[in-house]
Every structure is written in structure tokens, then in C-alpha cells.
There are 2 protein chains.
Amino acid sequence: MKKITFLWILILFFMSNLPILAENQMNKELNLIPIPEEITRTFDKFVIDENFTAGITGNPDDRIYQYTTNVLRRLSGRTGLFLSQDFITKTTKAENPQCVIKIDRPGKIVLGEDESYSMNITASGITISSETDLGAMRGLETMLQLLDVDDKGYFLHTVEITDKPRFPWRGLMIDGCRHFMPIDVIKRNLDGMAAVKLNVMHWHLSEDQGFRVECNTFPRLHQLGSDGYYYTQAQIKDVIEYAANRGIRVVPEFDIPGHATSWLVAFPELASAPGPYTIERKWGIFNPTFNPTIDETYEFFDKFFAEMTGLFPDDYMHIGGDENNGKQWDANPDIQAFMKENNIKDNHALQSYFNNKILKILTKYDKKMVGWDEILHPGMPKNIVIQSWRGKESLIESAKQGYQTMLSNGYYIDLIQPTDFHYLNDPLPDDMPLTEDQKKFILGGEATMWAEYISPETIDSRIWPRTAAIAERLWSPGHVKDVESMYKRLDIISFRLEELGLLHIKNYEMMLRRLTANNDTKPLKTLIDVIEPVKIYTRGSQRQYTSYSPLTRVVDAARPDAPVAREFRKNIDIFLTDVKNNSILILLEKDLNLWQTNHSKLVELIKVSPILTEIESLSKDLSDCAEAGLEALNYIKEQKQPGESWIQARQELLEKAQLPRGQTELMIVSAVKKLVNYTEKL
Amino acid sequence: MKKITFLWILILFFMSNLPILAENQMNKELNLIPIPEEITRTFDKFVIDENFTAGITGNPDDRIYQYTTNVLRRLSGRTGLFLSQDFITKTTKAENPQCVIKIDRPGKIVLGEDESYSMNITASGITISSETDLGAMRGLETMLQLLDVDDKGYFLHTVEITDKPRFPWRGLMIDGCRHFMPIDVIKRNLDGMAAVKLNVMHWHLSEDQGFRVECNTFPRLHQLGSDGYYYTQAQIKDVIEYAANRGIRVVPEFDIPGHATSWLVAFPELASAPGPYTIERKWGIFNPTFNPTIDETYEFFDKFFAEMTGLFPDDYMHIGGDENNGKQWDANPDIQAFMKENNIKDNHALQSYFNNKILKILTKYDKKMVGWDEILHPGMPKNIVIQSWRGKESLIESAKQGYQTMLSNGYYIDLIQPTDFHYLNDPLPDDMPLTEDQKKFILGGEATMWAEYISPETIDSRIWPRTAAIAERLWSPGHVKDVESMYKRLDIISFRLEELGLLHIKNYEMMLRRLTANNDTKPLKTLIDVIEPVKIYTRGSQRQYTSYSPLTRVVDAARPDAPVAREFRKNIDIFLTDVKNNSILILLEKDLNLWQTNHSKLVELIKVSPILTEIESLSKDLSDCAEAGLEALNYIKEQKQPGESWIQARQELLEKAQLPRGQTELMIVSAVKKLVNYTEKL
């Protein structure tokens, strides 16, 4: 058999002497996310049938047995095959397993642990070799992604892979505070993370809107600061174990000294202004801040972290440190006097003073400190980690100064930006102005799922599938950046993630049912498929939201990167480079006809479901835009100039259609605009 | 305003002087499940807008505050209204709330606690009054079911209700053993239970296939008996609290002395035959049984129940006791000698001896004993509860003998029988051969969700919506038994249950996506909408299943009581009483045309998704049946006899089509048969 080497996404096909795999299969790109460091396809098949068995050799940790058993069940679930192998344990061994997993030693759940693996799949068997069980887990996920089908049944593509991550810190931050996210939300997302080889779950656990951890030392924290919505210590231990069983670290964040309202409900005496305080219900940056000038604050945190550093085993403890507006400090004469006395020149320096004291506490309890980029300050020692969120400058600056650092700026998935924006956002692009030594300080990055506008029902649709693209950015070599390929593969992984219990597709359908009061969902789906929630921070500026506002409206069902709209925009671009392309024309007309006739149907739905009233005019605009698009296509087909008044009226219509309604926006307007503008040149 | 009294389902409409509610709203049956004991409609509206607030007075338990807060969120979620009220706590009180909840005292989570409530909804406000907070919870669920919509927006139907349950024990048993059901499965089903006023979650925790509770006294039980799939004590406490917050008792079941293989993996010395034992992987009745003749057994259970009676606070402890086949006892000479010596005449008597010893242990730890009906034996004291599962005889016999008892026979929802079968199964029908005093021993009933053929993915579709009908049977007055009304209301509640996170609809859609490898699901949906899994115990007899067999095939996506097929069968019956009924004819032809053309589409899907191969011939039969049905309709329309050979060929086809494939069966064959048979009489 002739082997052909692939350099990741650069796929070359030499079709000679490839007897086994059907031609359409050979031409097909493999559905891998993230793409491995090195992969060689051999264009053969490893047939999956009921005799498939796996065996583990070497010196692994216990957890790989259950992981591999789960992989068997997932394989069986997708294929319907009654696999002969039951539960894999240390004591039950398959004879001559088809899939041999060799592991040198148990992996540690620590930053920088070896996650590499090599995998060889031939027609006759599978070998996965790895230093640690974490590497084997990553390899097993790759193996599952190689499952395919032809007219003879299920098979794995044969490949040779050597793979390891580009960055050691590949995270997803989940904000469990602004809206409480129960344990099942966390667990199913840990499953999703493992499927795309992410390895850090950064858990945002305290906020103005809620203190979410059961605290034995200061039980008033969760009793008064959480409305009853907090994680018990037993639940937290359970999550940590669940994560570790998937090779994922759990890094807790207690956000101080700002973002601290919920703590100060219980301990107003530690605030920088007199209380009492109540749990914050709105979104934004608020004044309540710990008082960094009194001993009681540090006595409190010493006891607090004594408990929490025991609860969370990871080497790192995140102290937040962001968005302290300093207003309480400015207004407090004692604090001002303290600053003067101690020669602390501004609030940033005062926060740095606070951070240094907290750092000493954390160091005493054997923890390394992580914080948002505000903690970067000349006074800080070099053994802290800076999480860059406000811009890349802090990432570069941290690395230059010799701080370990990671990127979240550009990975704010709560801002509903398109996947390719996040995908192309590289922590370490080729033109990074850093020396090779400085580059080593860049540990990776984290997608951040802030929870102002999400509930347990909608969180998955904000995280997935976009975070899989970020996972690829952080795992795969930097030159893997073909956006079209990424989107194609994302469609597959998105659907595959459902097997893990993720609800990003299911809940879309459910929300359509609820929004239509269980009537025919099609007209609403037609609309929502081409709209998106407004981006960046405009949602909150358009309407006053609180922590108890409904998250069940059209804007919540609408998803980032609306795929139908994206496809339409792409087709318009293709069409306008070649207006004789009839196959594209037919696709465009099909879309436009659907939209043009949609509004009259949606109006009927609104009558039985008033929750839809707010998007009535948006729906009307979609139909009007579609009509304009169809008219423009006719002019183009007939190569006929439409006349200025037609053009002007349509452009006005499109301007109007661009306006958000119900905090959503039509994502096909720009494309229709291109069509209309094109007619000017006819 | 004129008030009109309704006696439950007997709905009479006097349309005079009813100014407010639109006529179509007045004609509409209210979507209540279960139907309250007494309800008076006043045909007005209580308008729901952003000013809606609720307040709690009296002397309630803390838990009602969070329950009511949740109800606010559900109301807000359905309507999209930004309600002004945030989190309801003891210290935050709304001024002049529109909904006043009056509670006399905190309810206890015990059998027979008062769950009654009265509710008065007028155009100007809502009052819910109850003795305990449990009653208020039941009332709030009723209130949510009264939410409706007209062209002016959202409103509650105005009513006067006095309501209380017919039976005090209204349960759902979940088998967490045969397939492990993680905590999120349990919690979302507790939410579903509360929505339909069920009040007992009977948790089946030990089986041949798994011991599922962390046991500190004997950790080898969960370590060796669970494959790592067990509930930690922290998780169990969490579930008990979660249930209590919804007014639901948790009754644990440890099934002994049979069904005990997984225990004996750790303690073979307590078995009635020499070990070693391994966890059972198949389904059925197995031999491994505790040895009731040795002291060590009772020393073990004394320590075991000392721990477990502390973990589970309910007054009742279920010891199973079913399906002990006695084979190990028969084969063990020591046991035979013991029986002879102690004058124990048969295995049933020996089990009764065992039960009596266990009862003493449970009594010592202040627990009452519950068991399956096998524990009924002349030797047993009267303070035990008998759960009748093999037939109603044991229910009647228990009540006659003065044992408290409840019904599960006829509520075995794992057997995939139609809802109306369960619905009409009454623990206490009018013709029950019992005296009034004896009737009092009948506590209620339990739906039983045995887990041989369900996974966390499919369990909800087996429980819901059918269990809502059982809930109505156990709550509502006995004369509430209109099957058509029940099915109509069930459609609504089924869709409403989604708001609680239940996956019975969502996962159907997801399974269709997976079964079609994310291609167009319509042809498969068309088929699965008219098939059901085979009933009773035939699934296992048609194919050898184990605990690790896939539960992702067509049979698992297929649902009990396939609604499209049921509608078709109903329409056929209507049509055959009046073959000139053109509107029904059109519906029938639409269905049949869809099915007739479906197979050719499904064949294309099978090519890309071999998991579907097993239902290829079933799909062909659906199309052939549909063709036969269309031909029969033509003969009927033309009043023309089709000739004997046509009839015979079609009858043969229908016989063949009746045969299960892939453990599923077509549910429209009997109806097509009626059509074909009708042509004989033309």
C-alpha cells in the first residue's frame, strides 16, 4: 500500500494504487477537531463490527478504564452494534484486543502534563501509545472522530498520527454566578471539553450577583449571598473528580477585591464603604469592594483560602481582580489616609498592595495565583499568571516582563461573535513581537462563558460548537487556519457533541416549540435561522436586564453564527463573481422565496403566542428584504438597470431592516445589499 | 358575574351573560392534569403582566419561597414578561401581591401529610390557601396549568378550586441499577413528578446488575458491585433535599434476599451457594440469594441498615423481596437441614422467616418495611406495606388481611403499553370487593420504571407523558376517566414538561439525527411516528440483551403510544361508522400517501446509516400497507367490491406487516386491516 503523507490541512491526493477505500471516501476530508499535529492517511479501512475490543497495557491510572469503557459505549451507540466487550477494568482483560492502548504512567492533573499520543490504525488493528493516560484519552477521542460509513458498514479511516498540544493551558471559563449553572450543566460541558481536548475548566464562583460555594468557615457567605443557589462542597469534589477522569483541571476563581457585593452581604464590615449590602440584581460594574487597608480583610481571606485551597486541588487559584472601579476607595477618607501614609500612589497600586497580601496567603497554602490582566503591576512578583482579557497588549507585556500569561481577549464567547473571529485569534501569531524565550511564557488561552444572558437552557448553544474551534486553535499547529474547512468540520462535531448530552441543538428545537406554544414551528425557525442576537455588549444597552429576566425569548433561541444566513452570504459572494452561475442562482431564489412568503405565516403564530410580538416588524423586514433580493436577481438575470428610485427605496428598506428588534438582527441584509448595489452597475 | 359549577370532567356550558372570555376560550377544556377534586369556572381572566407578584403569609417552611420563586421564573419563561419581582425570601415581601399564598404550617415529608389546597382566581387576584406548604406547591402547579392566551395577551382562567389527593401514596419508581441513572436524571424527573403532583420517588438501589449506593460500613459493596457507577452519600442527601423541596418522599429499595448478585461479589460468604460471584450482565431472574440461615447474614444487615436508615430519612424502607427463585436454597443441604429443623415448610416460608428477621432490624431503627407482594405470608406482622405487582389479587388480599398496600400491577411503564391502559387501572374501582374499612388500607400506587431497556437518554420518553396519566388516576376522583380528554390534556402537559428540563421530546429528535447520521430526518420520523417498541417482555425474548447493549437504535427512539398511529386508528374507526365523511377521508388519504411514498426515501437513508438496516423490511411493509389502505379507500369511495384475490393478498400482506422487526412493530396495521375487511361487505 502506498502511503501519502499529509501535512495537516494541506491535503494532496495521489489517487494511484489505492484499492480499498471508495473514491468519494478518499476525497473526503477527515472530520477531526482539533486537527492533529501530524497525520498520514493510508486510505484503508479498519472495519468496526461486534467483535471490536480494546485492551490497556502498561502502567495507567484507574480512570482510563472507565474512559475506554465509555468510548466503547459511544461506538456502540453510534453504530447500534452489540459489542461483545462489557466493562473494562484492571482485572478484566480482552484476549488479543483489536485496539491496544499502551500507557507508560498515570498522568497528573497539573499544568504541562504530557498529553501526547501516537495512534496507528491499519486494516487489522489500532494501537494508541502515550506517556500518560491523558494522552490516551486524547487519542481515543481522535479515534472516535475517525468513524465513518460506506455501503458495507462502519469503519475507521486508517491513519498514522503523532499528536500533542501546541499550548498546555486550553480552557473554558464557566460563570456559575450571574446565573447559577447546576452540576449537570458543568458535567455535560466537561464531557464536551474532553471531546475536543480542552484541559482546564475555569470556574467563576463569586460575583456581585452571587457567592456560589458552600463555605464551612464562613457559612454566611453562601447562606446570605446565593439565594440558595450554591455548589455544595460534595458537589464540587464530585465535579473535580469528574473533570480529572477526563484529564481536565478545575481552576476556581474567587473574584476580589471588586465584583464582591455578594460577599459583603454577609460581611459588610469588610467593605470599603458602610453597608448594608444586598445581592446585586443588575449587570455591570459596581462599587462594593473589599477594604484593602484593614487587617480584618486579610484575616478573613487567610481563613477563607485555608479552606478553599484544601477544597480545590489544582496548583492554581484565580483571584479575579478585574473591574474594580475604585469609587469606594476614593470616597473613604481612612483608605485615602492609608494610601498617603504608605506611599501608595493610586488605586491600581492599592489593588497591587492587596494582591501582594493575597499572594502571600496563597503561597502559604501552596497555590500559585492567577488573575485578570488588571493584576499586572510593577510591584508584583513573577510567579503569578496573567489572564489577558482587555486586549493583547497585556499578553505581550506580561510575556515581555516574564510573567506566565494566557489569552482570553478574542475568546469572549458571550459576545455572540462569529466562530471564525475566535478561530483566527491566535495567542501566538507568527508576527508576535516577542523573543523565543518570551514566547514560552504564553501558556494558551481560555474561552469565557460569562453568564449575564444565559441560563442552563441556553448556555450550551453559546459554548458549542464555537468553542470547538477555539479548542483547535489552542491544540493544533498555528498554520491550521482554513476557515471554510473549520466550519465544515464544526457542523459534524456539533452534531456529534449531542451524544454527550449537550443541549445546544435540542434546546433550540425546544425553544421553538415553547415560543410557538407548540404550534407549527417552521415559520419561526425560518426566521430564527437567519437572525442572531446582537453582538458585544449591545444586548444590555437596548433593554434593562436583571438576573431574573426571562431568557426564553427569540433572542435566546437565536444562535451565534446563524448557519443558514452564513451560507446565504457565502452564496451571494460566489454569485456576484459569476452571475451566470445558475446552480447558485437557484439556491438563492429558494432561500429568498422561502423568506418572502414567511411573514404571513409568522403573523398567524404571533396571534397565539404574544411572546413573538416583539419580532413582528423584523419578520416583515425579512420578507421585504427577500422581495427586494428577488427583484434584484431578476434585474441581474435580465441585465437590466432598475432605475434610481427603485434602488433608493430598496436601500432605505435595507437600512431599516438592519436595525435590531428584540435584541436580534437579520443576518442576510448585508448580502441583499450587495445584490441591490450590484444592479447599479448593470 | 354568573358562576357555573363544573363537576370535573362533566362540562356544561351556559353561554349567557359571560362578557369577558372569548367564546372559543369558554368552550375550551382547561388543560389540567391531574383534574382537581372540585372546580368552578367563572369565565373571566386574570391578566398576567409585568406587575405580577406573589406573597406568602402564615407559617410556612423555607422551601416554599424557592418553589414560588421558581414558579415566577416559569411564568416569566413562558410569557417572556420581565416580571418585576425578583427572588422571594422570608425577608423580602411584595406590597399587595396579586397572588397571595396562605399557609398554616410547614408540611412534613411523610406519608399522609396534608396536601390539600383551595385556590380562588378572579379578575383581580389569586388566593391559594393550604394547611401546609405542600398543598401550596400543588396549588401553584395548578395555577401554572391555567395560563392561557388570547389576542390581548397572557392570562389565567378564573376558577374556584378545592382540591386534595384521592390517595396519599402516589409514586414513581426509578430503577437506578440495571442502567445507572445519574443524579441529573433523578432531579429532572423529580421536577416532572412535582408538576403532576406525585409525592413518592421510590429508588431501586440494588440489583443483580449493580449495587448503587456508597456504603461506608461495607465499602466493598459499591467498590466491587457497581463498575464505579454508584450514588455517593452526598448525592443521595442532595436528592432527598431536592425531593423534599418539592414535597416528595424518597423511599429507598434494597432488594433482598434475591436479586442480590452484586452484593455477593463483595460478600460471597453470605450467599446460599459458594462463590465467587461477578456482576450480572444479563437480564432475568438469577440464582444468587442471601443465606437466611446463618447469623452472619443478619449481623451484616444490622450494620448495613444501621447506616442506611440514617442516610434515608423516610419512615419507610423497601426491602424488595421479589423473584427469589429458591434454587440456591433447594441445592444447599445446610439450608435444607435448617428448614427441617425449624419446621419451615417451603421456600416462601423461609423467605418469610428472613423477612421477619429483617423487619426486626428495621423496627429497631424506627423504619417501617415495604416489600413486593411476595413478602405477603401468613407469618408476617401487620405493620408492613405490600406493593402489589403480580396481579391485583395481592392488593385485595393484603387489604382484607389488614395490611397497608399499594398498586403497581398495571403501572409497569417499562412494558410500553398505551397510556389508557394505565389510566383506567384503578387501585380502588367501584366494584372492589372490599369493605369500607378494608379500602382504607389501599394507600395508592406507583408507576415502575424498570431499567433493562432504558438509558439516561431514553428514560424520560418512557416515563413521560404516560406517568402524568397515572398521576391523575392517583390524585383525581375515581370517576375522572374520560380517555379522550386525558389524551388531549396529555399532549399539552407533555410539551409543558419540557420547561423542567425533561428530554422526552428533545431526545426523540436527537436520536433521529443520530440514526440518520445527521441527514434529513423526515423519512425516518415518518416511520418511527407510527411504530412502537414491542410490548410486555418480548423485547428481550427477540434478542439477547446485556447491560452494555446499545440503546440507540430505532426501537429506542420509538415511543410508547405512537401518537400519529393512535390518531390514524381513531380516524379509521370514525370513518368506518360514516364512510361519507369526507373530512376524515382526506386526513386518512394524507397519512396513507405520506407512508406509501416513504420507503423509497428511507432506503436512501439506510445507505448512509447502516444502523437502520434492521427496519428496512418494516419500512417496506408500511408503504405496502399504505398502498393497500389507499386501494381499500378507493373501493369504499366507489362502493365497489374488490374481489376475493385482492382481499386475500392484502390480508396476507397485513399479517406479514404485523410481525415485529428490530423489536418494533407497526401500529397502523390493525386499522388498515379494518379498512380491507370493510371492503368485503361492499
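Report, for A:Lys674, each distance to the same residue's label point in the other copies, shortest first and in nm; define the point 7 Å along Cα→Cβ.
Shortest to longest, the spacings are 5.7 nm.
Rounded to the nearest 500, what is the 222 nm mean residue ellipticity of chain B from helices alone, with -39500 (n - 2.57) per DSSP H run of 4+ residues and division by all residues?
The helix-only estimate for chain B comes to -12500 deg cm²/dmol at 222 nm.
How many Å² of accessible area per residue for chain B, probe 1.4 Å?
Computed with neighbouring chains in place, this is 36 Å² per residue.
Could you work out the relative contact order of region A:306-394? I mean the mean sequence separation of Cα pairs under 8 Å and 6+ apart, divided by the number of residues, in percent.
Answer for region A:306-394 is 34 percent.
My understanding is that a pair violates if its Cα-Cα distance is over 18 Å; which of A:Lys237/A:Lys303; A:Lys525/A:Lys601; A:Lys392/A:Lys440; B:Lys303/B:Lys382; A:Lys620/A:Lys656; A:Lys45/A:Lys488 do that in this structure?
Flagged as over cut-off: A:Lys237/A:Lys303; B:Lys303/B:Lys382; A:Lys45/A:Lys488.
Pop out the ³J(HN,Hα) list for region A:252-263 in order, Karplus 6.51 cos²θ - 1.76 cosθ + 1.60 with θ = phi - 60°, rounded to Hz; leave Gly and Pro as x.
x, 10, 10, 7, 9, x, x, 6, 10, 3, 5, 5
Between B:Val213 and residues 5 or more places away or on another chain, which pairs have amide H atoms under 5 Å apart, with H built 1.01 Å from N, and which residues are they?
Amide H neighbours of B:Val213, under 5 Å, 5+ apart: B:Tyr231.
Residue by residue through region B:436-451, which ³J(HN,Hα) values in whole Hz follow from phi under the Karplus form 6.51 cos²θ - 1.76 cosθ + 1.60 (θ = phi - 60°), with glycine and proline marked x?
Here the 3J(HN,Hα) series is 4, 5, 5, 4, 5, 6, 8, 7, x, x, 9, 6, 10, 9, 6, 10 Hz.
Assign unit charges at the C-beta atoms only (+1 for Lys and Arg, -1 for Asp and Glu), then state the dipole size of chain B relative to its Cα centre in Debye, rounded to the nearest 20.
It works out to roughly 660 debye.
Over chain A, calculate the relative contact order: mean separation of alpha carbon pairs under 8 Å at least 6 apart, over the residue count, as a percent.
Worked out over chain A, it gives 10 percent.
Quote the charge dipole size of region B:586-682 about the Cα centre in Debye, to the nearest 20; the model charges only the Cβ of Lys and Arg (+1) and of Asp and Glu (-1).
Rounded to the nearest 20 debye, it is 160 debye.
Determine the residues within region B:226-272 where the difference in accessible area between the chain on its own and the full set of protein chains amounts to at least 20 Å²; count protein heavy atoms only and use a 1.4 Å probe.
Flagged in region B:226-272: B:Asp227, B:Tyr229, B:Ala234, B:Gln235, B:Asp238.
For A:Glu484, place a label point 7 Å out from Cα along the Cα→Cβ vector, do the same in each other copy, and report the separations in nm, one decimal, smallest first.
Values, ascending and in nm: 5.9.
As an exercise, identify the chymotrypsin sites (Phe, Trp or Tyr not before Pro) in region B:478-540 lying in DSSP coil whose Cβ has no more than 16 other Cβ atoms within 10 Å.
Here the sparse-neighbourhood loop sites are B:Tyr537.
Quick check on the protein assembly as shown: of the DSSP beta bridges with both residues there, what percent are antiparallel, nearest 5%?
45 percent
Looking at region A:72-131, which GluC sites (Glu not before Pro) are DSSP coil and have at most 15 other C-beta atoms within 10 Å of their C-beta?
Those satisfying the criteria are A:Glu95.
With a 1.4 Å probe and every protein chain kept in, tell me what percent of the accessible surface of chain A is carbon plus sulfur.
Carbon-and-sulfur percentage of accessible area, whole number: 52.
Give the shape of chain A as rounded, prolate or oblate, defined through the alpha-carbon gyration tensor: a ≥ b ≥ c are the square roots of its eigenvalues, a/c under 1.5 means rounded, and otherwise the shape is prolate if a/b is larger than b/c and oblate if not.
oblate
According to the square roots a ≥ b ≥ c of the eigenvalues of the Cα gyration tensor, what is the shape class of the protein assembly as shown, taking rounded for a/c under 1.5, prolate for a/b larger than b/c otherwise, and oblate for the remainder?
It is rounded, given that a/c, with a ≥ b ≥ c, falls under 1.5.
Under 1.5 on a/c is rounded, so check that first for region B:19-163, then, if it is not, pick prolate when a/b is larger than b/c and oblate when it is not; a ≥ b ≥ c are the square roots of the alpha carbon gyration tensor eigenvalues.
In terms of gyration-tensor shape, oblate.
Taking the Cα centre of the protein assembly as shown as origin and charging only Cβ (+1 Lys, Arg; -1 Asp, Glu), how large is the dipole, in debye to the nearest 20?
Once rounded to the nearest 20, the dipole reads 1100 debye.
For B:Lys681 and B:Asp151, what is the calculated FRET efficiency with R₀ set at 41 Å and r taken between the beta-carbons, to the nearest 0.05?
0.25
Just to confirm the numbers: A:Pro429, label point 7 angstrom along the Cα-Cβ line, distances to the other copies in nm, shortest first?
7.7
Could you compute the net charge surrounding A:Arg661? Neighbours are other residues with a C-beta less than 9 Å from the C-beta of A:Arg661; K and R count +1, D and E count -1.
-4
Write out the trypsin sites (Lys or Arg not before Pro) in region A:129-183 meeting two conditions: DSSP loop, and at most 14 other Cβ atoms within 10 Å of their Cβ.
The qualifying sites are A:Lys152.
Can you check what the net charge comes to around A:Ser619, using other residues whose Cβ is under 11 Å from the Cβ of A:Ser619 (Lys, Arg +1; Asp, Glu -1)?
-1
Quick one: check the C-alpha center-to-center distance for region B:565-640 versus region A:574-590, whole angstrom.
39 Å
To the nearest 100 Å², how much accessible surface do chains B and A cover up together, summed over both, with a 1.4 Å probe?
The contact between A and B buries close to 4500 Å².
Determine the percent antiparallel among the DSSP beta bridges restricted to region B:168-305, to the nearest 5.
20 percent
Does any residue of region B:84-130 lose at least 30 Å² of accessible area with all protein chains in place compared with its chain alone, and if so which ones (probe 1.4 Å)?
Output list: B:Asp86, B:Phe87.
Please list, ordered by chain and number, the residues whose modelled amide H lies under 5 Å from the amide H of B:Met173; skip anything fewer than 5 residues away on the same chain.
Close amide H contacts, sequence-distant or interchain: B:His202, B:Ala447, B:Thr448, B:Met449.
The values are calculated or read from the model by the stated rules, or taken from the named source; none is laboratory data. Note that the structure is a prediction, hence the values are computed from the model and not measured. Cβ sites come from the backbone with ideal geometry, for glycine too, and all protein chains shown count toward neighbours. Heavy atoms of the whole protein, side chains included, go into the accessibility calculation; ligands, DNA and RNA do not. Shrake-Rupley method; radii C 1.70, N 1.55, O 1.52, S 1.80 Å.
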